[in-house]
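One structure is given here, and the rest of the page talks about it.
The values are calculated or read from the model by the stated rules, or taken from the named source; none is laboratory data. Because the structure is predicted, anything quoted here is derived from the model rather than measured. Note: ideal-geometry Cβ built from the backbone for every residue, glycine included; neighbour counts use all protein chains shown. SASA here: full protein model, heavy atoms, side chains in, ligands and nucleic acids out. Shrake-Rupley method; radii C 1.70, N 1.55, O 1.52, S 1.80 Å.
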Amino acid sequence: MSFTYEDVGATRENGYCPPGFHSLHVRTRIGEGEEVFRRASHAVVTWEMHRAMGVGIDASADTAAPGVDVTVTLAGMIKAPCRVVWTVDEPRRAGWAYGTLSGHPECGEEAFVVNRTGDGTVWLTITAFSRAAKWYARAGGAATRGLQHAYARRCGVVLRRLCESVAD
């Protein structure tokens, strides 16, 4: 199965959004310190954050890696097939991005990156570009984009909660 868009890997480029797509950028403070960074990174790359949000995750590997296929199931009904296009694993930055495959309600790419800034603050940044691929996503218009933003904000809330025990 091939990707449903041309600019595969483009979420690596800060602020890039291909013509005809809508961009998303949501940054959430998770906590502070090395342990919070490690915990948050692990939760993101092992799909734990997504599962804790209540979405179904069916992945061809236990951790995100280029080429891993992932199907996200929303509300038990909407299946969204994706493939991991890139990962990052650095001392202060960890995460990945996946791109949409045929059958996904949207067309585009989404990245989930945890980083620890110079002052020790840990952030989750979700960036994406997308456009509707299925009729119901097109019919939803601005409401669909609102749901995408709400989902990204919820990721931050859930990840912060998952990291609370190591922050104390």
- Note on the structure: Non-local residues with an amide H under 5 Å from the amide H of TRP86, with H modelled 1.01 Å from N and Pro and chain starts lacking one, are ALA97
- Message: Please report the equivalent ellipsoid semi-axes of the chain, computed as sqrt(5 x eigenvalue) of the Cα gyration tensor, largest first, in whole Å.
- Response: 26, 16, 16
- Tally Lys and Arg at +1 and Asp and Glu at -1 over the other residues with C-beta under 10 Å from the C-beta of ARG39: what net charge comes out? -3
- At 1.4 Å probe size, with every protein chain present, just tell me what the per residue accessible area of the chain comes to in Å². 50 Å²
- Phi angles of segment 150-157, converted by Karplus (6.51 cos²θ - 1.76 cosθ + 1.60, θ = phi - 60°) into ³J(HN,Hα) in whole Hz with x for Gly and Pro, give 4, 4, 5, 5, 5, 4, x, 4
- Item | Inter-site label distance for ARG29 and MET53 at 7 Å from Cα along Cβ, in nm | 2.2 nm
- Task: Would you calculate the separation in nanometres between label points at ALA75 and HIS42, each defined as 7 Å from the Cα along the Cα-to-beta-carbon direction?
- Result: 3.5 nm
- Item | Contour minus Cα-Cα distance for ARG93 and TRP135 (0.36 nm per residue) | 11.5 nm
- Query: What is the sum of charges around GLY140, taking Lys and Arg as +1, Asp and Glu as -1, for the other residues whose C-beta is under 15 Å from the C-beta of GLY140?
  - Reply: +3
- Item | Label-point separation in nm, ASP62 to ALA143, each point 7 Å along Cα→Cβ | 4.2 nm
- Query: Of all the accessible heavy-atom surface of the chain, with the other protein chains kept in place and a 1.4 Å probe, what percent is carbon and sulfur?
  - Reply: 51 percent
- Query: Which GluC sites (Glu not before Pro) in segment 3-100 pass both tests, a DSSP loop state and at most 15 other beta-carbon atoms within 10 Å?
  - Reply: GLU6, GLU13
- Note, ³J(HN,Hα) from phi for segment 59-64, Karplus 6.51, -1.76, 1.60, rounded to Hz, x at Gly and Pro: 10, 7, 8, 6, 9, 5
- Tell me, what ³J(HN,Hα) does each residue in segment 9-25 have, in order and in whole Hz, if you take phi through Karplus 6.51 cos²θ - 1.76 cosθ + 1.60 with θ = phi - 60° and put x for Gly and Pro? x, 5, 5, 5, 8, 3, x, 7, 9, x, x, x, 10, 9, 9, 9, 8
